[in-house]
Amino acid sequence: MVIETATGEEAIILRCPTLKSFGLAAFSSYNGQFFRAARSIRRDPFQKEQFMPSFFRLAPACLMFTILIAITSHARSADKPIAAVDANMCRAMQELDVLHKNAAVSCAQLRIVYFSYLGFDGKVHDDGAVMVMAALADHVQAIFATLLQRKFAIAGAQLMQHYRGDDLAAMRANNTSAFNDRAVTNGSAPSLHAYGAAIDINPIQNPFVEFEDAGKTRYSPAAGSKYANRLVVRPGKAVRKGMAEDVVDVFAENGFLIWGGDWDAPIDYQHFQISRTLAKRLAALPVAQAQVVFNDYVNSYRHCAAATKSVTASESGNIVKTNTVKTKCMAAVDQP
């Protein structure tokens, strides 16, 4: 079993048959240092006569590692942290093509939000992680806590380092993600993902849809074409999970007022963001001040939404009514 830091440096190698038998794969963090326990699936190369002595020699280490993983997993489950991006992680992001020179934000302006989520398998998973602008982190944490409470299914959420910054690969894997220092699709301007101010959720269930000149429609990822029909409930068919329409209100209540599903062409069902004007404003401020500004922004929207009589608590999740509120309140709160 190999434990690696975020930079990929080997820290320790343990051949632990007990852990291998369970195929353990776990993530943990301590003071911003990230470790990966990689699954070992190959037969132990040691000969039988070499195996037993090495097992007894390594048994205490195996036991300690098992306890460490259990404690860490429990801590992560009980109190999902918001972690700073340390120097090792920042360097890894550069090496893995997730962060580039002259980026819109620095590593000091980013945070990693860990969260639990309900998977499409009906089980709660504790390995969710997205990287976002620090000023937004508390509200992003609230978004995913609410999604879990609502039993909204998420396929998975790994940082973009796992995909070496390849957005198409992340979409094909149905990965929910946020920060990635890249340009907008088919353009040169920085994406809102480059600010850590946009979140893509369940790309297969919520594809990016382009309309070509010849009238052909292209879905990214390709598997998303099965979700061209956006109805969640259809006669004679199973109710579909993980579709963004169900949670537009959750994102709006936490400051992500722009949903790509409202666009004409292209349509980006997976995509939630704040405005570019607001993102630039927050990026120009110290983190603490940016947090105050964004908190005030969210509170202003919530105050406006509460004053709009077209939505009540019993109607939460209704996209028509949510858009009615956003139409009324966005112009009022989204000021430079």
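Annotation: Met171 carries an accessible surface of approximately 10 Å², with a 1.4 Å probe and no ligand, DNA or RNA atoms counted. When the surface is traced with a 1.4 Å probe over the full set of protein chains, Phe179 keeps roughly 10 Å² accessible. Highest mean packing comes first when the peptides 233-242, 100-109 are listed by Cβ atoms within 10 Å, giving 100-109, 233-242. Per residue, the average separation of C-alpha pairs within less than 8 Å and at least 6 apart gives segment 148-223 a relative contact order of 26 percent.
Heavy-atom accessible area with a 1.4 Å probe sorts Glu253, Glu210, Glu95, largest first, into Glu95, Glu253, Glu210. Applying 1/(1 + (r/R0)^6) with R0 = 56 Å to the Cβ-Cβ distance of Lys237 and Ala288 gives a FRET efficiency near 0.70. Per-residue extension of 0.36 nm, minus the Cα-Cα distance of Ser106 and Lys151, leaves a gain of 12.8 nm for this segment.
Note on Ala214 and Arg230: the extension gain reaches 3.4 nm, defined as 0.36 nm multiplied by sequence separation minus the Cα-Cα distance. Measuring only protein heavy atoms, the 1.4 Å probe finds Arg182 accessible over about 50 Å². Shown is the FRET efficiency for Arg91 and Lys123, computed with R0 = 22 Å from the Cβ-Cβ distance and rounded to the nearest 0.05: 0.05.
Based on C-alpha pairs under 8 angstrom that are at least 6 apart in sequence, segment 67-211 has a relative contact order of 21 percent. Only Cα pairs under 8 Å and 6+ residues apart enter the sum, and on that basis the relative contact order of segment 182-236 stands at 22 percent.
Sorted on the mean count of surrounding Cβ atoms within 10 Å across their residues, most packed first, peptides 122-135, 212-225 read 122-135, 212-225. The Rg/Rh ratio of segment 126-239, with Rg taken over Cα atoms and Rh as the Kirkwood radius over Cα pairs, comes to 0.99.
The values are calculated or read from the model by the stated rules, or taken from the named source; none is laboratory data. Predicted model, so just to flag it, every value in this text is computed and none were measured. Here Cβ is always computed from backbone atoms with ideal geometry, including for glycine, and neighbour counts include all displayed protein chains. These accessible areas exclude ligands, DNA and RNA; they are computed on the full protein's heavy atoms, side chains included. Shrake-Rupley method; radii C 1.70, N 1.55, O 1.52, S 1.80 Å.
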